[in-house]
Structures are given as structure tokens and as C-alpha cells.
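The values are calculated or read from the model by the stated rules, or taken from the named source; none is laboratory data. Remember, predicted model here, so these are calculated numbers, not experimental data. No Cβ is skipped: glycine too gets one built from the backbone with ideal geometry, and neighbour counts run over all protein chains shown. Ligands, DNA and RNA are excluded from the accessible area calculation, which covers all protein heavy atoms including side chains. Shrake-Rupley method; radii C 1.70, N 1.55, O 1.52, S 1.80 Å.
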Amino acid sequence: MIEFIAQNMAPIMFASLIIFLLIGYPAAFSLAANGLLFFFIGVLVSPYSGGSINLAWPLLHALPDNFYGTRVMSNDTLLAIPFFTFMGIVLERSGMAEDLLDTIGQLFGPIRGGLAYAVIVVGALLAATTGVVAASVIAMGLISLPIMLRYGYDRRVASGVIAASGTLAQIIPPSLVLIVLADQLGRSVGDMYAGALIPGIVLTGIYMLYILIMSIVRPNAMPALPLEARTLGHGVLSLFVALLITGAISYGAYRYLAPTQGDNADILGFAVGVIAIYIVAGVDQRLRINMMSKLAQQVVIVLIPPLALIFLVLGTIFLGIATPTEGGAMGSVGALIMAAGKGRLSLDVVKQALASTTRLSSFVLFILIGARVFSLTFYGVNGHIWVEHLLTSLPGGETGFLIGVNILVFVLAFFLDFFELAFIIVPLLAPAADKLGIDLIWFGVLLGVNMQTSFMHPPFGFALFYLRSVAARVPYLDRITGKQIAPVTTGQIYWGAVPFVCIQVIMIGLTIAFPQMVMRYKGAAVEPSTIDLKLPDMPSLSPLGTPPANNGAAPANGGAPAAPGTPDLSQPPSFGDAPAKPAAPAPDLSQPPKFN
């Protein structure tokens, strides 16, 4: 029995961790306690393991280095997490989500499902500015759910759209989980962001396609806004003209900047066009010139600041100007400026943001410390080799590995938070993926899309919990219409999430089928035969392949004489003639030496 336990320590240790987590113990303490318990057991039974256990008491001395080394406390990559968390919470308090939902809801209001489209678009914008799922879901649940219920939206559709759109913050940069995945996979956060950008946009488009289909199949489930609710009136043509003018200005700026700015000219040209139309809309609204419609003015003025913040954060990272940590710091400052510009920045807001940031950062830090304790023991019992052999021996090679891993992560996401999955499961999967030749950035984005379902899985989806906390539990009177609105039940929230979980599964398949969506982060391939290396001219030295110069004298090997004034590099340097020393007298060896 002892031999069996000793030789199967790795699977027993992993199974016991899953049991601890399913019972409900906190992840950080389950990881640390499980690691220390099996370390003690492993040291005792190591003589019976046949060499498969490499644990000894002095190995515990490695824990302080694991805690304070580059993996945890001194990890610069993880420093981006508190910055992006602080930025997202300040933006949520600044009222940006409310302004965006109101404006985009008015823009899409005349069509069926317009409010649902608005929620998806705002969810994508909030994801690209906040990176925090809780902030996105709670903000949209408080603002948009009462409006959707007011105008007759089906409760399941409304709940599902809000919860799913909030989870876009998990896959669209600057996502917190992408930072953690990049750290655990040992890859660049900037590359992870670049790889996840297109899948995030595609997933947003699939959400909107689902709403389009549902608006045709069940038109009564998502009616258009009534005319009295469209307070900004009409003006889509004016907005279209403004977009054309913006495009023309951007193209002109691009042509002007291309000779000097190179590859960055397109982004800088677009920035010039956006700034120009924002100034025009602001002046038009302030002076009431009415060149643009009220709707166009509002859309431009409300959309440009978050787009500018997105460029400040992601644009600087993609251009190589800033690291993700520096981008998060700039985004935090930008969020404070936006909140101050709206008159919503106060000491209380800053205190709340700092408290929430500290809680989340401490949560991540303690899970990471627990994971370090667990991995020390798990690697000591050769658990990584056991996992690698288990996964690489799956039938089907790389395809079988991807299918098996995604099923495993999908099932575990029913019970584990995405941070727990990233810290526990990903370090075990990465070596096997690397051995099979799978690009780890693509693998990380694929896992990120999969772990996004952890927010939507009934019954433990966190996005569903966030929405449940702000959705009405009892009937209430609507403040606009005066009608009594029925509450939203937990069952309606859960059933509303099911179609979007299926969409996310489809997105996993698309990411596997079309890897170039992610692999574009590498840029265009370079043909080695087209590379032309030119060495700079060095006139002070002899050409390569010729004998060294000898101050104008003919070289000893009969080569060509060196140019006058060229130093002789074959001899040690001469620093001038030293003064001659008088010759010492020869000693008289016929007499004994004298020591006086």
C-alpha cells in the first residue's frame, strides 16, 4: 500500500486538491495546505517510491526564494494588475458606462434589439478600457437592465446579453486574465494582447449576430425603442458625414506623416482625424452652431474619450512605446482625468477604488503564493512529468491534445474561478503544449476564450452572481412609465446565459480552426534570402582579409605595404621611448656575498 501511494503521489495529490476546492475551502489556502501536507507525506514515503519522489526537508528553504523572487513579489508583469483594476473601478464610478449606454442606445434605438446591440458595444468598449468583469457587469446591470425591462425585453434575453457582454472584459485587452496567462506561460503580455485582439472582436460580432437572428425569430422579445424615448432625435446622416470627414482628415494626415513616421503613420493619422472631429463637435455643441445633429454631437463627444483612453493604454503597448505596466499606469491617470472632467472625482471615489484594488491584488497574490507551495511539492513528486505523459499520449496528437485540454478546462470552469484555473491548471498544461510544438501565445488565447465560460456557467458563474446582486428581486414601480415591473428570477438569469455559453464554445472551435486570428501577433514572415547585411565603412582599419599594416614598411610576409600613418595592429602599442636606465655592474661571483 505504501509503495502504491509513493509511486502514484502526483495523481493522488491533484485529486485531493480538486476535492478541497469542491468542498469550498479558499483556493489559496487549499493550494498551500495541500502542498505542505503532501510534502510531509512525500518525505516519509520517498524510500518506497523507487526514485520517483525527490523531496527532502532542505528543499523547504527554496520557498522564500519562490515568494520573494521574480515569480511573485518581484514580478514586474503582475504589477499591471492593480493599475488596470484601479483604472476600471474609477471609470465605473465616473459615469462613463451610463453615458455610453444612453448614447449608443439612442443610436440603435429605432431598430429591433437596439438596446441589446448597445449593451454589446458598450460591453466591448468597457472591456477595452477597464479589463474588469465585475465592473462591467454591475455597471450595465444597474443601468441597462431596468431600461430593457421598461420597454418590454424578454428577461432571459436581457440577462444573457448583459452577463455575456460583461465577460468580454476577460478576452479583450487589457484583460487581467491575459496578464496572468502570459506570466504563467512565460510569454510577453504585449504579444498576448495582440493575439487576443481579433478573437475578442470576432466574439463581439458573433454576439451581435445572435441578437440579429433572435430579433428576426422572436421580434416581440426585443422591441425597438418607442419614439418618445428617443430624446436625441434623428441625425444618423449627420453622423455618417462626420465619419467621412474624419476618414478624409485621417488619410491626409497619414500621407503627410508617412515619409517621417513609417509604420506608425496610420495610427497617428487616425489620431489626428479623431482629435479634429472631437474639437469640431465640442465647439459646435458649446457655441450652438448646429453644424452637426444633436445625436452626432453626443455620439462623438461620448465615444472619443474612452477611445482615447484605449489608445493611451493599448496603442502605446502595441507601438512599443510602453510596457503593459506603464500602459496601466497611464490608463489609471487617464481614468482620473476623465472622472475629474465629468465632475465625479472625489476622495470617496479614490478610497473605494483603492480598497477594491487592494482586495483583488491581495486575492491574486495569495493564490499565487499558494500555487508556489503546491508546485514545489508537485514537481518534487514528478507531477509535471505525469501530466506531460498523460496529455501527450492522448490519441490524435496535437488535435487530440487540444480537444482533451479544452474539455478539461470547460468542465473545471463549472467549479473554479478563472484565476484558480490560470494558477493551477495552466502551469501543468504549458510544458505538454510546448513539447507538441504548439505556440504558447495561441494556446494562452485559446485557454482565455475557454476560461471566459467560467463566468457564465450555471450555477457558479461569477457574472451571473454579479447580475443577480443588482437585478430586482421584488416587483417595483418604474420611475418613467409608472408601471409595475416584475422581478428577474435566478432561473431566468441562468437560462439567459446558456445560448452565450454555446456561442463561446463555438468561438473555441473557430480559434482552433483559424489559428491565424491569433498568430497575426507575429507579423509578416521574413524571407531569409531577402536579408541584405551591410557592414559600415571603417577607413581607419585595413579591409577585412588583408594583412595588418606596419607603419608604411613592407610586411614580413611580402604583402602590400600598409598605408602611411596606419597603426601596426600586429605589434603591441608603443607609448614613446622610455628614458634609458644605467646598466647594473656585473656581480663578482668569486667572492662570498656581503649583507652589510
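Subtracting the Cα-Cα distance from 0.36 nm times the residue separation, let me have the gained length for Ile301 to Tyr48 in nm, one decimal.
Values: separation 253, 0.36 × 253 = 91.08 nm, distance 7.14 nm.
Gain on stretching Ile301 to Tyr48: 83.9 nm.
Kindly state, to the nearest 0.05, the FRET efficiency for Ala62 paired with Ala513, given R0 = 35 Å and r defined as their beta-carbon distance. Walk me through the intermediate numbers first.
Details: r = 43 Å, r/R0 = 1.22.
My answer for the efficiency is 0.25.
What helices in the chain pass both tests, a Cα length along the helix axis of 24 Å or more and a mean Kyte hydropathy of -0.5 or higher, using whole DSSP H runs? It would help to have the intermediate numbers written out before the result.
Values: long enough: 27-45 (26 Å, 2.18); 133-150 (25 Å, 1.91); 189-217 (41 Å, 1.79); 236-261 (37 Å, 1.12); 265-287 (33 Å, 1.52); 294-310 (25 Å, 1.81); 324-341 (25 Å, 0.83); 347-380 (49 Å, 1.11); 490-513 (35 Å, 1.51).
Length and hydropathy pass: 27-45, 133-150, 189-217, 236-261, 265-287, 294-310, 324-341, 347-380, 490-513.
Between segment 429-491 and segment 248-273, how far is it from one alpha carbon centroid to the other, in angstrom?
The distance from the Cα centre of segment 429-491 to that of segment 248-273 comes to 39 Å.
With a 1.4 Å probe and all protein chains left in place, how much accessible area per residue does the chain have, in Å²? Could the numbers behind the result be given before it?
Values: 29700 Å² over 596 residues.
Accessible area per residue, the chain: 50 Å².
What number, in nm² with one decimal, is the all-direction average of the projected area of the convex hull of the alpha-carbon atoms of the chain? Walk me through the numbers on the way to the answer.
Working: hull surface 202.7 nm².
Dividing the Cα hull surface by four gives the mean projection, 50.7 nm².
Express in whole angstrom the spacing between the alpha-carbon centres of segment 160-231 and segment 297-329.
A separation of 18 Å, based on Cα centres.
Report the gain in length on full extension from Tyr476 to Met1: 0.36 nm times residue separation, minus Cα-Cα distance, nm rounded to one decimal. Working shown, then result.
Details: separation 475, 0.36 × 475 = 171.00 nm, distance 6.35 nm.
Gain in length upon complete extension: 164.6 nm.
For the chain, which whole-number percentage of the solvent-accessible area (1.4 Å probe, protein heavy atoms only) is attributable to carbon and sulfur atoms? Walk me through the numbers on the way to the answer.
Numbers: 19760 of 29700 Å².
It is 67 percent, rounded to a whole number.
Gap in Å between the Cα centre of segment 2-33 and the Cα centre of segment 341-407?
Comparing the Cα centres of segment 341-407 and segment 2-33, I get a distance of 17 Å.
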